[in-house]
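Let me begin by presenting the structure, written as structure tokens, before commenting on it.
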């Protein structure tokens, strides 16, 4: 009997380039994703290179706040520094800051710094509240006069008067004019007479927990209330006489406490952890509040809010979200199930830098907004960040002030990358792989390459180099037969990882 002749089929070799995809702490990582990174960036994507340099600008005792307006305003313990010059003092602790016109306001202290118009003039540091207490004040139907110090109020201020023996004189009222020792109001405002007791006249500012500026008004929250200042006047929150420039306040009915606020597009977002109240309008008569039950800003992470390319990025309870006016989109799936808190962030227009806490440890991540790639840089604990003079600036928990310079030399930066586990199992029967890594090393740079196969707990170094001259290095990696392989790169000096390819042989399905 004749049997059919079967020709021999040779195994074929397959090769493909592995694309770099950033970190992935979750399950099901793809080839080219990283299990961990250290001091890498996407500045030369699709190549991977070192992160930008960080240039130190100063050392402080315990900085808590950083704000940019003309120059950097930095709060170091109780000192308020503007352009590194002390301009005032506040109580120690975390602050909320906002700019409206030439004013930088500081809460919860209710202080302000009026920025000078030129380098030769001095700014003005003062209290947003103003209080005048005296005895012997004389009331007419439209004036209050004193024999004591001059009044320091301003025309248009809303003041609260307390302590009068005549109850109708205890009221909140708007000053029509100020002249030394006399305040003038609308006619028939008071019952005439002289007060022998102590009377207090006060321009009050609410105790705001979170603040922002929008359309020349200072906005803030406290308790379940939203407050808006008088138009172009952050020192008045009680001007309520029916005009378009008046102050505004409203109480909302949602549960929980506010966690942050920021203007976005045509409205202002007042966040809670599971709610956002959107305020639309231009004046008290047409202000409207729309409420959405969505993932909001996590408590303690209000400094993570930053607008990038018309999208608002922020840290919520479940991760980093992108808000574009509708339902926020989760951007941080690649960070897996790890839970972070106390986030601080800033963006230079391309990269969103965010420092977050996990347990007792901090991490500084860099998110490439356009390419949707996450990289972990290091364990920097940033206390606050600000974008100033074209660069991201930050103060850390050690008291240092730094800025990120993408043009500076990177040769002193050590870096590392651990690829996600690559499994040697596919549908066809397959021989073991070869890997080829190609990179450019600058003069004096060094590189070490380690691998682990299957469940081996120990890394095994398979390649190392130290170049005196700049050159391109092509590294073949040939592991033993295995089911899975881990690859780790370590280096120092300037390096660009240009390509990573994987080659293996494939047999039949049987």
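Values quoted throughout were computed directly from the atomic coordinates according to the rules given, and no laboratory measurement underlies them. Keep in mind it's a predicted model, so treat the numbers as computed, not measured. Heads up, the Cβs are rebuilt from the backbone with ideal geometry, glycines too, and the neighbour counts pull from every protein chain shown.
Estimated at 0.36 nm per residue, the fully extended path between residue 171 and residue 86 surpasses their Cα-Cα distance by 26.8 nm. Dividing the convex hull volume of the alpha carbon atoms of segment 364-466 by its residue count gives 196 Å³ per residue. For a test of the definition: using alpha carbon positions, the gyration tensor, and the 1.5 limit on a/c, classify segment 130-203 as rounded, prolate or oblate. It comes out rounded by the Cα gyration axes. Shown here: Rg/Rh (Cα atoms, Kirkwood Rh), derived from the displayed model; of the candidates [x] 1.15; [y] 1.05; [z] 0.97, it corresponds to [x]. Between residue 348 and residue 249, how high is the FRET efficiency from 1/(1 + (r/R0)^6) when r is the Cβ-Cβ distance and R₀ = 45 Å? Nearest 0.05. Efficiency for this residue pair is about 0.80.
One Cα centroid belongs to segment 285-351, the other to segment 354-380; the line between them spans 15 Å. Note: relative contact order over segment 130-203, using C-alpha pairs below 8 Å and six or more positions apart, is 47 percent. With a simple spin-label model that places each label point 7 Å from the Cα along the Cα-to-Cβ direction, the separation between residue 446 and residue 327 comes to 5.3 nm.
Taken along the Cα-to-beta-carbon direction at a fixed 7 Å, the label points for residue 287 and residue 191 span 3.3 nm. Per-residue Cβ neighbour counts within 10 Å put 110, 166, 272 in the sequence 166, 110, 272, beginning with the fewest. Counting beta carbons within 10 Å around each of 339, 303 and listing the fewest first gives the order 339, 303.
Using only alpha carbon pairs under 8 Å that are at least six residues apart, calculate the relative contact order of the chain and give it in whole percent. That works out to 16 percent.
Could you give the distance between the Cα centres of segment 143-218 and segment 472-489, to the whole Å? Taking the Cα centre of each part, segment 143-218 and segment 472-489 sit 77 Å apart. Listed peptides 28-40, 360-372, 185-197 appear in the order 28-40, 360-372, 185-197 once ranked by packing, highest mean of other Cβ atoms within 10 Å at the front.
Just report the Cα centroid separation between segment 42-86 and segment 94-127, whole Å. A separation of 19 Å, based on Cα centres.
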